[in-house]
Structure formats: structure tokens, C-alpha cells
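The values are calculated or read from the model by the stated rules, or taken from the named source; none is laboratory data. Every value quoted in this text rests on a predicted model; they were computed, and no experiment measured them. Every residue, glycine among them, receives a Cβ derived from its backbone with ideal geometry; neighbour counts consider all protein chains shown. With ligands, DNA and RNA removed, areas are computed over all heavy atoms of the protein, side chains included. Shrake-Rupley method; radii C 1.70, N 1.55, O 1.52, S 1.80 Å.
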Amino acid sequence: MSRRLRGVARVVAVTLVLASPAVLARQHSAVREIVLKQIALPHHYYYREMYLPQATTGPGSVAWSPDGEEVVYSMQGSLWRQRLGSGVARQITDGPGYDYQPDWSPDGRFVAYASYRDDAVELWVLDTASGRTRPLTHNGAVNVEPRFSPDGRRLAFVSTVYNRRFHIHTIVLDESGAPGEIERLTEDHESGLPRYYYSPFDHYISPSWSPDGKEIVFVSNRGHIWGSGGFFRMKAQPGSEMREIRYEETTWKARPDWSPDGRRIAYASYLGGQWHQIWLMTAEGGDVFPLTYGEFDAVAPRWSRDGRRIAYISNQDGNTSLSVIEIPGGKRTRIDAREKHYLGPVGRLRITVVDRRTARAVPARLSVQGPDGRSFAPDDAWRHADEAFDREERKFEYSYFHTPGSSEVTVPAGPVTVEAMKGLEYRVFSTRVDVPVGGTATLRIGLDRIADLPSRGFYGGDLHVHMNYAGTYRNTPKHLALQAMAEDLAVIENLVVNKEQRVPDIAYFSDGPAPAWTSGAIIAHGQEYHTSFWGHTAILGPKDHFLVPAYAAYVNTPASSPYPNNPSIFDMAHAQGAVTGYVHPFDTAPDPGKMEEALTNDLPVGVALGKVDYLEVVGFSDHLATSGVWYRLLNCGFRLPAGAGTDAMANYASLRGPVGVDRVYVQTGTRPDQARFLEGIRAGRTFATNGPLVQLTLGGKGPGGEIRLPAGGGTLRARATLASIVPMDHLEIIGDGKVVADLPLTGDRRAATVDRAIPVRESGWYLLRAYSERPEHPVLDIYPFGTTSPVYVVVGDAPRRSTDDAAYFLAWIDRLEKAAREHTGWNTGAEKEAVLADIAKARAVFLEQIPP
């Protein structure tokens, strides 16, 4: 699951090999840009969810009042104050942005917090007596995790203001809470370590003060290759020496909190398990033990000022909640906001979504947005936000929730905009509703179909979803099935996967094959195999067990060897009756001639050896770049179906889109079970898309079909159809990598039906594709794109050959062999020779296409 900055707006020239001169290159408009561009770290997709605060429907972070009688916490992007033993929560901030991570001053006069607005996160302070707020920082960076010193005169926090990296700073506060001098405590340090998911520069996060105010404890990856780091102490002065007191992988979530007695530190850890719980260590590290237990996350611990209780956030019920545990004793008390008192006038909006054709309520995706750009969700729904957005289109990223068919949400009184959609076969609905003060507005949404693919035997699925992956919520097959139905998916392949040592969904493989959930939608459990050296792959429908270790070529681990390579993994998967594929392949088409660029993806080896069942053509990559490589493989005579997968972390609060953003439609005839669905993928009866619904028949045959013509060829009739929720710029029939028919698009460019005669002179393949040249809301991807799998044509029994493409892959294979020979991580010579033998066999296959 390579985490590229997919949402980053960039200008990408994609060379479409073997295309006509008119489409040799294309550029994306620089429109969709990632949220919070002020952070210079790789894999935005990880730290944004696991570290940066989220606008969840339940509580997200908590702090104690000095007297221990109240807590203040973030929820739905606002701050709330609640007395223990009371079910009444009082809102204390309300926009204009989203407010998070409160900390209460020792004298009780102020609450400091992080506020996301104006495309940055700044620190603000609220006067608890007057309710007035004012900013503490104005640097336009990302400033988070404010913590008052024990005397209340300094505030420690994390900021990216210096070189766009996470550093710990302090700010001096006067008696009135006004900000003074800011100092950076941590040094900028380039590690020189071969980090993959993390920057070569060290980061410093999650500071907590010692009770005497002289030191801080924090998390840093100083000296470590993998993970977000271990625990360090230092004097709270610039340039002080760091001292590591304990190392364990913290996955961004540890957030240590120093006890008032100075002897203990509470933190979140998944040590020995798959889920975070609250643990205790000594102030010097020591031997640790857990305070909470369970197959769910308990995070963000905060000591009460008397040291007798710890408040924390849990996702035990799926959504987030707030609890307090007594120390010692372990009695736990849930803090629920049964009654909410809002700062401003509010009303209720009751929404029902129906399929207009059947008049029945249906699950769907809803977005409810106020005039200031903020979004709202029901208390009983999971709120999600996109990873990127167009600043000219909206002030904040698009936010949404899934409804089972009817939902009720509290919103500021006045106008709100409601958007509804249900997958790609229904027209997007949008309207404005005026919500009365203290009243309820009712909205009934009728969704209209633009296509009915099940009536033609096609059913949609997402081949690349992670049900749980270190995210904010705790997902289950039942809830994931709701997400699937709201996005109009029949099948979701949950690819169980690791994040460092964590494999949250491994329990589904406890004693053999993981059983599928089949109520409403099929939730089937497979595996993503992680080797960032050879490329990531998917295993769908394994009938026996989970492959371990779940990764290879991880430097400085017992799995540092590049063995097993992907062909070896595919053999193990096929032995279980599984379907195999390469996932999120390419952001740019590889150039084997650019020696300065790493090229170790072994896709051509796996394909040449006949071990690959599909390619994720539409996924977490650039679709045209990936298609260019796919076309070359097809030109060499390989039959490789198109698959699609979103790589969605379905338990994230902030993700690059819900399940089904990238999906594959498989022709199964009747509603499929998983076996029928996977068989359709193997047979190539598919089309892959993130928006346009494209279908092609050639000579009466659909994708995956074969047509035989006599020597000399002939003319075949092509019938192409398009239906799309957004406009398309191009609708093309591709033959052997070239545009053989540029089909007309008229009107709103969302629908077309075209018949065209296609002359065929030699063996080859043909497919239909559609795409737009820029992002189009609500397609939450870098640009809309759809493609069918090929229809294959054999002329006079002659095989499909391509000398140029074979030469391209031979150069690629030379790079693979060089990388394999130079790698120093092999456990044994036998491992190395086995991989080199696979490379040699693949080379021989491509050499057969080169004339003597």
C-alpha cells in the first residue's frame, strides 16, 4: 500500500505508449490539492489520519478542568464542556473552522486549542469566563497538540512552521493569556536512515510536561527506520539533549501524558496485540503494563490533576466515545452527551433517501454543508472527510456520511446544502434547505438511475479495501456492508494488511479461511502482500490461511530479504485457490533507461510467468500511466484483465474517498457470490472505473471474449456505450495501444451510444475507455477514468507480438536483475538464486518476441 501523495495537485505528463500523436501526452489541471500542504512528509495518507486531529461525530480528544470536576473535549469540529456525572454538554466554540485538542490552563482561566481554518491550523485560546477567543499563532503552518506548562506561563505545541516538519515549540503567555516569544526546542536532524514511509528528517510530536515544568516527554523517530518513534525526555529549553527512555512502535498515536506525581506516564500502545490500549510506564521507561483491555482502540489518555483518574477516547462501539478510568481500581465511567446546549440557534434536518423507481428507502452517501463551508453529520453516523480539495470550489474538504436510508442531523439554523449520491448508476442530487430555529425541516430525496447494470448482469465491487487500518473508528463486516450498500457495491474485498507490526483484522483468519459476510453486500477477506521493493499485490479469496510474514524487503527486520518475490507469493496464493493481482501500480510510466530512478516492481516477471490474474488499472495510482504499461503487456500477447480498487481505509475519518471510488464491474449474470465474482475477474468480463460506465461489444463479443478471423482479417462491428455522473472529455476505442476510434461526445458529454466499423488486419486486442482531463466533483480522484477489459482477436491463428514492447520489458528486467544481484539482505544464496531464476524465465518469454 504505497502511500503516494495522490491528492497533491501536480502537472503530470503521461506518455501513452503506442498511442496516436494526438494523445501522446496529457496534463492534469492543478486543481485538487491535499489538505494541509504545509507538511513536508511522505505518505500524507498515514499521518493525517493517525496523528492530525479529526472532526469525528464522537469525542476526539479530552482535557481536565483544574478541579477535576469537568472535562473539555472536541466533537464534530467544536469544543464542548461537560461536568462529570451530568449528561449535559455545553458547546464553547462554534466555527468559523473546526476546533480540536483542547487543554485547560492550571488556573482554569483559559482553554487553548488547535483550530483548522483558512487552510491552516493555528492555536487559539478561549477565556472560560467571557467565552471570548483570540489567536496565539499566526504563522500559516500546522500547529497542534497545545499543552500548558504546570505554571501556566508557557504552552508547548507541535508546529510545521520550521521547514514544514513536525517540531516541538513553546510560546510564552502573559497574565492575560496573550502570546509572547516562540522558541523551537527540537533540532532539525537528517537521519541518514533508509526510511520508506517516513521522512529522512527526524520528527518530534506529542509533548507532555513534567510536573515541575522543567522537562518534556515526547515521541520521536530519532535513530529508528520504521515507525513514528519511541519515547524521549529533554529539558524544556532549546537545543537540550534528548534522552530515549523507551522504544516501541507508536504508530503516531502514543500521546504520552506525565502523571501529576511525576513517577508515571500514561500512553496508548498496541504492544502484544492489534489494537491500542492505555498503558503505564515509569518516568524512566521501565517495564510497562496495560490499564485497559479489549479488541478496540483506547487512546489519547489524560491524567486528572489529582492523579486518580485517566480520561481517554475509545472506539469500542465503532464510533468514538469518552470514558474515565479510576487509578487504582479500574472502574470505568462513560461520559455521554445525552443533552447538548449549542452556542447558536440550531434546528434539525430529517432526510430520507429513496430510489425514485421503487419508492423504497435506500442506503446512500450524504453531505450536509452550511454556508460557511463547514459540514455536519448525525450523532449516530461516522463522519468522513476527503483527503484533497479544490480551493476555488470550497473552503474545506468535502465531508460526508453514510445513511441507511433515513437520518436526522442537527445544523445551524438557516440554509444548508445537501448532496446525495449512491454509487455511479444514480444521478447526483443536490439542493438547498432552510432549517428553522428550534424546528425540523424534512427532505425526501428521490434518486434517479442513469444506468441499470445489474439488469445486464454486471455487479460492482471494490477489490482493495482495508476494513481496519489504524484509523479512528472500529469497523466490522456489518458496518462495512452498510458502507458498500450506500455506495451501491455488491462486493468488497477486505485486504487484511499490516501497519508496521499491527494487523488489525488478522482475527478473521484465526483458524483457517476467513468467512465472508453476505447480508446486503458480500464482505470477503483476503490479503494485501506488502513488499515495497517488488510492488504491492492482492490475494483474493484464499481458502486456507493468511500468509506470514505479510511483507518482504523491510530493512532492519527479520523480513529484510527480497524473498519471497511476488511470483513466489502468487504460487502460495494459487495453492489456496486465490486470485492474484498487482495493486496501485504506477504514478508515472516507468522508464527503464532512467538509471537514477529506482525500478524494482516485478510486474513483467509475474505476468510473463503466467501468475497474475488481474491488474488494478483503476486505483491508487495514475490510471493512464498504468494503462500505458498494461497496453504494452497486452501487446506482448498476455491476457490480463482490468481490476479496480480504492485502497480505502474504511475505518478512517479522513480518507481519499469512500469504498468504491475505484471499482470494477464484473459480468456474473445473476447476483454473485464471491466465487462467481472472482471467476468473472479471471475471465476478464470486467470494466474498471471511478465514474464513467463504459461497455463495449466487438463482433458481438464483450470484454474477455475472443474472436477468430481468417488470415487477412476482416471488419468487426463495435458498439460502445457511455453513462456518467460527470462530463467526459474523451471516449475512445483502443486497439493494440492506439486510438482506433475517437467517438463523439455531445450535449452534456455524460452519455453516448455509438456503432462503429473496426477494420482488423492482425491479431490483437480492443477496449473502450473514457476519461476527463481534470478532476470533476463528486469523483474523488485525480481525474475521472473508466476502461473495459480487452476483447481479443486472433487472425489466422497468429499470436500477438510486439518487438518494441518486448524490448521495453527486457530493459526493465535487466534493471530487476541488477537490483536483485546487488541487494544485501538475502537470508540464503538459495533465495537469491530462486528469484534470479524467475527473472531469467521471464526474460526468455520476452526474448521469444524478438526476431533472430
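Values computed for the structure shown
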| read-out | value |
| --- | --- |
| Estimated vicinal HN-Hα couplings, Hz - segment 765-774 in sequence order (Karplus 6.51, -1.76, 1.60; Gly, Pro = x) | 8, 9, 8, 10, 9, 9, 7, 10, 8, 8 |
| Given charges at beta-carbon only (K, R positive; D, E negative), |dipole| of the chain in Debye | 1480 |
| Unsatisfied cross-links (Cα-Cα over 29 Å) in the set LYS395/LYS594; LYS738/LYS832; LYS611/LYS738; LYS594/LYS701; LYS611/LYS701; LYS543/LYS611 | LYS395/LYS594; LYS738/LYS832; LYS594/LYS701 |
| Nonlocal amide H pairs with PHE110, under 5 Å, H built at 1.01 Å | SER105, THR128 |
| Of all accessible heavy-atom area on segment 589-631, the percent that carbon and sulfur account for (1.4 Å) | 46 |
| Cα-based helix-to-principal-axis angle, 829-847 vs the chain, degrees rounded to 10 | 40 |
| Alpha-carbon centroids, segment 785-852 and segment 567-610: separation in whole Å | 10 |
| 19 Å cut-off, amide nitrogen to a point 7 angstrom out along ASN556 Cα→Cβ, residues in segment 173-201 | 187-201 |
| Segment 117-220: GluC sites (Glu not before Pro) in DSSP coil with no more than 15 other Cβ atoms inside 10 Å | GLU175, GLU187 |
| GluC sites (Glu not before Pro) restricted to DSSP loop in segment 506-597 with at most 12 other C-beta within 10 Å | GLU596, GLU597 |
| Within segment 197-225: backbone nitrogen closer than 15 Å to the GLN501 label point (7 Å, Cα to C-beta) | 225 |
| Gained length - GLU822 relative to ASP511, 0.36 nm times residue gap less alpha-carbon distance | 108.0 nm |
| Positive-end extreme of charge dipole, the chain - chosen from PRO549, ASN651, VAL793 (charges on Cβ) | VAL793 |
| Estimated FRET transfer efficiency when R0 is 41 angstrom, pair LEU193-VAL172 (beta carbons, to 0.05) | 0.75 |
| Å² of accessible area per residue within segment 419-491, as computed with a 1.4 Å probe and no ligands counted | 32 |
| Local electrostatic count at LEU173 - Lys and Arg +1, Asp and Glu -1, tallied over other residues with Cβ under 14 Å | -3 |
| Centre separation in Å (Cα based) which lies between segment 236-289 and segment 377-393 | 32 |
| Residue-wise HN-Hα coupling along segment 650-665, computed from phi with Karplus coefficients 6.51, -1.76, 1.60 (Hz; x: Gly, Pro) | 6, 9, 7, 7, 10, 9, 7, x, x, 3, x, 4, 10, 9, 10, 9 |
| Projected label distance in nm at THR803 and ARG184, using a 7 Å step from Cα toward the beta-carbon | 5.8 |
| ARG308-THR282 pseudo-label distance in nm [points 7 Å out on the Cα-to-Cβ vector] | 2.6 |
| Between helix 477-486 and the chain: long-axis angle, C-alpha atoms, 0 to 90°, nearest 10 | 70 |
| Taking the convex hull of Cα positions in segment 153-283, its mean projected area over all directions (nm²) | 8.6 |
| Highest to lowest packing among 356-367, 43-54, scored as the average C-beta count within 10 Å | 43-54, 356-367 |
| Chymotrypsin sites (Phe, Trp or Tyr not before Pro) within segment 133-214: DSSP coil, no more than 10 neighbouring Cβ in 10 Å | none |
| Carbon + sulfur, % of accessible area of segment 160-266 - ligands and nucleic acids excluded, 1.4 Å | 46 |
| Å² per residue, accessible surface of segment 542-624 at 1.4 Å | 32 |
| Phi to ³J(HN,Hα) by Karplus 6.51 cos²θ - 1.76 cosθ + 1.60 over segment 179-190, Hz, x for Gly, Pro | x, x, 5, 10, 10, 9, 7, 9, 8, 7, 9, 8 |
| Amide H contacts of LYS499 (H built 1.01 Å from N, under 5 Å, at least 5 apart or other chain) | none |
| Per-pair calculated FRET efficiency, R0 = 30 Å: GLU848 and HIS574 via Cβ, rounded to 0.05 | 0.80 |
| Rough spin-label spacing in nm, given labels placed 7 Å along Cα→Cβ, for ASP67 and ARG360 | 5.7 |
| Per residue accessible area in Å² of segment 706-805, where ligands, DNA and RNA are left out and the probe is 1.4 Å | 38 |
| Potential extension, ARG682-SER130 segment - 0.36 nm per residue separation minus Cα distance | 192.1 nm |
| Paramagnetic label zone (point 7 Å from Cα along Cα-to-C-beta, ALA830; backbone N under 20 Å) in segment 544-569 | 548-549, 552-553, 558-569 |
| Dipole of the chain, positive direction: furthest Cα of GLY712, PRO604, PHE201, with charges on the beta-carbon | GLY712 |
| Nearest-0.05 FRET efficiency for THR476 and SER240, computed from C-beta distance (R0 56 Å) | 0.75 |
| Residues whose placed amide H lies under 5 Å from that of GLY285, excluding near-sequence neighbours | none |
| Accessible surface of segment 367-433, 1.4 Å probe, proportion on carbon and sulfur as whole % | 44 |
| Only Lys, Arg (+1) and Asp, Glu (-1) charged, at Cβ; segment 229-388 dipole about Cα centre in debye | 600 |
| Residue-span extension gain [ARG444 to TYR162] - 0.36 nm each, minus C-alpha spacing | 96.5 nm |
| Total charge dipole magnitude, segment 87-193, about the Cα centre, Cβ charges on Lys, Arg, Asp, Glu only, Debye to nearest 20 | 220 |
| Geometric extent, Cα atoms of segment 753-819 - Rg, Dmax (angstrom) | 17.8, 49 |
| Cα-based helix-to-principal-axis angle, 803-822 vs the chain, degrees rounded to 10 | 40 |
